[in-house]
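Read the structure below first, then the notes.
Values quoted throughout were computed directly from the atomic coordinates according to the rules given, and no laboratory measurement underlies them. These figures come from a predicted structure and were not determined experimentally. Note that each Cβ is placed from the backbone with ideal geometry, even for glycine, and that neighbours are counted across all protein chains shown.
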Amino acid sequence: MNPLTPLLQNNSLAIVDGALATELERRGCDLNDALWSAKVLMEQPELIRQVHLDYFNAGADIAITASYQATVEGFAKRGLNREQALDLMKKSVQIAQSARDEFWSNEANRVNRTRPLVAGSVGPYGAFLADGSEYRGDYKLTEQELINFHRPRVEALIASGADLLACETIPCLIEAQALVKLLGEFPNASAWFTFSAKDDEHICNGEKIADCAAYLNQFEQVAAIGINCTSPLYIPSLIREIKKNSDKPVIVYPNSGEVYDPVTNTWHGETSCDAFGHQSKTWFENGASLIGGCCRTTPDHIREVKNLTNA
């Protein structure tokens, strides 16, 4: 069964959490590092747990783990062996589960809520490269090479009891094809697939979101299809394109609206939580049934989504 079904049966909208890495930065972490949020997994796991807890308290129904940038190859560069790397990936799930269980142990938090889920983050190959190529998708790898790259983390996240996987910020269709084929090796597992997009119709590599949605729609293990790490301006059109080509739930968690410069590792522009909340109402009206935030969003953004969509 689709693990998202209980959430969506009880609510017309399920709330996904917001940014993890940029929220950790906001709380004083230095993430100017190839491991990004995976660095904090090694050094300050309790801080990650607190961010998860704050998102649950803000209204999130789903926490995404700190494993986006966690790979065997990436940790190896820090001197960790394969087993240590896999243990850290599993730890990312355990941290989120611990925050979820603490939140759920308070009876007041259960009123009109479904028990939150933990989604194991599977970032794209480009995130491991740490050169911005997750926003281009120009990897020059075969489908099989991508499968081999992703397998250890997928296996670790599933083994640690994640409710589903979040295959996210995917810039090219070949990576989605590799991941969904890999998912077939774990027949009891489910995953959502979210792409990064460069405009209101195309994912970052230039392929049409319509074609990506149509391709993924045929797989039972695909729990939802959508967009993340993308400008809020493109979201309504992208939702409509997905809806035309898939009957899966649509999930969106765009960036705050600020623009990232991968050369200087800085953000420019600004957006208010209130504006993000108002935009989320439009996304809901266009057909998104799971909404959250990506880079630069905070618990306050998620609280606004919760407040406005429940209004």
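DSSP beta bridges confined to the range 115-258 are antiparallel in about 10 percent of cases. Using only side-chain charges placed at the Cβ, +1 for Lys and Arg and -1 for Asp and Glu, the dipole size of the range 5-309 relative to its Cα centre rounds to 460 debye. Only aspartates and glutamates eight or more places from Lys140 in sequence, or on another chain, were considered; those with a Cα closer than 13 Å are Glu175. If you wrap the tightest convex hull around every Cα atom of the chain and split its volume per residue, you get 117 Å³. Gain on full extension, evaluated as 0.36 nm per residue between Lys281 and Gln50 minus their Cα-Cα distance, stands at 80.4 nm.
So how do 129-140, 220-231 stack up, highest first, on mean other-Cβ count within 10 Å? Don't jump to the answer; show the numbers that get you there.
Details: 129-140: 16.8, 220-231: 23.8.
Per-residue Cβ counts within 10 Å, averaged per peptide and sorted highest first, yield 220-231, 129-140.
Less than 12 Å Cβ to Cβ from Lys39, Lys/Arg counted +1 and Asp/Glu -1: what total charge do the surrounding residues give? It works out to a net charge of -2. Helical runs assigned H by DSSP (4 residues or longer) give the chain a calculated mean residue ellipticity at 222 nm of -13500 deg cm²/dmol, each run adding -39500 (n - 2.57) before division by the residue total. Of all lysines in the structure, the ones whose alpha carbon falls short of 28 Å from that of Lys306, not counting any fewer than 8 places away in one chain, are Lys198, Lys243, Lys244, Lys248, Lys281.
Which FRET efficiency, nearest 0.05, do Ser105 and Glu143 yield, Cβ-Cβ r, R0 35 Å? Could you put the intermediate results ahead of the total?
Details: r = 43 Å, r/R0 = 1.24.
Once the sixth-power term is evaluated, E becomes 0.20.
The calculated FRET efficiency for the pair Asp247 and Arg115, based on their C-beta separation and a Förster distance of 35 Å, comes to about 0.85. Here's the picture: charge each Lys and Arg Cβ at +1 and each Asp and Glu Cβ at -1 in the chain, and of Leu173, Ile203, Val122 the one pushed furthest to the positive end of that dipole is Val122. Check the straight Cα-Cα distances from Lys39 and name the lysines below 22 Å, setting aside those fewer than 8 residues away within the same chain. By straight Cα distance, Lys39 reaches Lys77, Lys90, Lys91.
If R₀ is 30 angstrom, what is the calculated FRET efficiency for the pair Gln84 and Asp274, using the beta carbon separation as r and rounding to 0.05? Walk me through the numbers on the way to the answer.
Numbers: r = 43 Å, r/R0 = 1.45.
E between Gln84 and Asp274, to the nearest 0.05, is 0.10.
With K and R counted +1 and D and E -1, the other residues having a Cβ less than 11 Å from that of Leu117 yield a net charge of -1.
Summing charges over neighbours of Pro187, with a neighbour being any other residue whose Cβ is under 13 Å away from its Cβ, gives -1 when K and R count +1 and D and E count -1.
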